[in-house]
Amino acid sequence: MSALELTEAISRGELSPVDVLDAVMEQVKRYNPELNAIVTITEESARESAKKAEKMVKKDEKLGPLHGVPITIKDLVFTKGVRTTFGSKLYENFIPDEDAVLVERLKKAGAVIIGKTNVPKFGLIPVTDNLVFGRTRNPWDKSKTTGGSSGGAAAAVAAGMGPLASGSDGGGSIRIPSSLCGVYGIKPSFGRVPSYHPGLYGWETVACEGPIARTVADAALMLDVMAGPDDRDRFSLPAASVNYLETVEDGIEGSKIAYSPDLGYAVVDPEVEKLTRKATFSFEKLGCEVAETKPDLFDMQYELITMVIAETITANEEHLEEWKEKMYPLYLGYLQLEETFSVRDIVRVQYKREELWEKMRKIFENYDFLLTPTTAVPAFEIEEGTMGPTEIAGETVGPVGWIAFTYPFNFTGQPAASVPCGFTEDGLPVGLQIVGNRYDDEGVLRASRAFEKAFPWQDKKPPL
């Protein structure tokens, strides 16, 4: 059942929050040992929350929009009283004494937190593996990666371990695993969901927190709960003028859609390109005007690597020697790059960012949405010491070349979602990325829902 269906059934007294929790925990105990999606399970506190939720229903008290719904929280997010490791040996036993804003809001809405989901160390790479918990496996093929950094979150939702999960996205970390795991994920506009993690620095001007779900309506419901200003995050946006759940069914007839299979620089697997192209042009049947475009964009791969390494090392400089001893092996080579950066390299990231937005702005002067593949490849084999394929369609690509479609929109701050749009011949899910103009989270959700209604995916289950 979707989160929306659960809340309606619970509020009518047709379902007990305790029974819902029992069903979800049975699924967790059955499949989590082989997938390693949830790394800290909070069954005891979840049961207390579910019992409290049940009593509130019986007393006819006012219920929150997520009353009694099981949810997981990404292990990069401060969760009061619950071990939060950031996938790092440095924080293996860290227990925050306060909640992140989104956790506060989810609790207030009545959600039942069942655990923390796996991440790569500090969320730095697009595959989910670390020295504390190990790797997360893809429910569609356990030999394949989930992507990252919200890999545990997407795998949990795909495997039925609750209908909702919190994710975060600094370069694609919601959209990448959503695409590879066949679920829906939306990176909201930068600042739409307040981010507050005291003392944990890095990614401040690109990272967003948002929902991962099996349905678009569930994501809209969750975003309604999470969004809105908070002074603890000086980048947080004013409250939106709409309720996302109420407007998600409004459709997008008459919209102008641009499709780019490569953004002008990316290399794409032919099967992924074929599926996303077919999905994009199916919007013509929904009353949209669709055109392929060849944007004059440039790759921000080097800028992303520069920013991530410089910010992460600076944030951890007091513990750098200790960190090196406890570092995920793949990170060691990138650590050395920091010594090659100059002040000009750091400043140049911001200049290139402005140039990118100038080009992107011109695209959205003519179109309402830009559609692309979410990732350049489907899920690939898990291998030690690699962030992904170094060759796509016979061409050599850089270390993050396979996620070339996601990080541009972290630099521009635009809302972007990954919608399941088909399966490869090997049965692996492929995601279509829907990008909206600045602050048009509502439009992205409506476009996602229109596609979901025409080509439903939510009932397709991985072969566990």
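The values are calculated or read from the model by the stated rules, or taken from the named source; none is laboratory data. All values reported here derive from a predicted model rather than from experimental measurement. Here the Cβ positions follow ideal geometry from the backbone for every residue, glycine too, while neighbour counts run over all protein chains shown.
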For segment 66-82 the number of residues that are assigned to a loop (DSSP other than H, G, I, E, B) and crowded, with 18+ Cβ neighbours inside 10 Å is 10
Scanning segment 99-115 for residues that are outside any strand (DSSP E or B), touching a residue at least 12 places away in the same chain (Cβ under 8 Å) and more than 15 Å from Pro17 (Cβ to Cβ) gives Asp99, Ala100, Val101, Leu102, Val103, Arg105, Lys108
Looking at Asp60, Asp97 in this structure, which one is under 25 Å from Arg232 (Cα atoms), surrounded by fewer than 24 Cβ atoms within 10 Å (Cβ to Cβ) and either touching a Leu at 6+ places or on another chain (Cβ under 6 Å) or at pLDDT 95 or above (or both)?
Asp97
Of the conditions (1) crowded, with 17+ Cβ neighbours inside 10 Å; (2) over 30 Å from Gly443 (Cβ atoms), Ile346 clears all except one; give me its number.
(1)
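Matching residues to (1) touching a Leu at 6+ places or on another chain (Cβ under 9 Å); (2) of a type in the set (D, E, K, R); (3) assigned to a loop (DSSP other than H, G, I, E, B):
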{"position": "Arg232", "(1), (2), (3)": "no, yes, yes"}
{"position": "Leu237", "(1), (2), (3)": "no, no, yes"}
{"position": "Glu246", "(1), (2), (3)": "no, yes, no"}
{"position": "Gly254", "(1), (2), (3)": "no, no, yes"}
{"position": "Pro261", "(1), (2), (3)": "no, no, yes"}
{"position": "Glu273", "(1), (2), (3)": "no, yes, no"}
Considering only residues that are modelled with pLDDT of 95 or more and surrounded by fewer than 17 Cβ atoms within 10 Å (Cβ to Cβ), which ones fall in segment 390-414?
Glu391, Ala393, Gly394, Glu395, Thr396
Which residues, taken from segment 311-340, are assigned to a loop (DSSP other than H, G, I, E, B) and over 20 Å from Thr128 (Cα atoms)?
Asn316
Among residues of segment 119-145, those that are farther than 18 Å from Thr40 by Cα, assigned to a loop (DSSP other than H, G, I, E, B) and within 16 Å of the chain's Cα centre (by Cα), counted:
4
Restricting the search to segment 26-65, which residues are assigned to a loop (DSSP other than H, G, I, E, B) and either among the charged types (D, E, K, R) or in contact with a strand residue (DSSP E or B) (Cβ under 8 Å, 6 or more places away or on another chain) (or both)?
Asn36, Ala37, Thr42, Lys59, Asp60, Glu61, Lys62
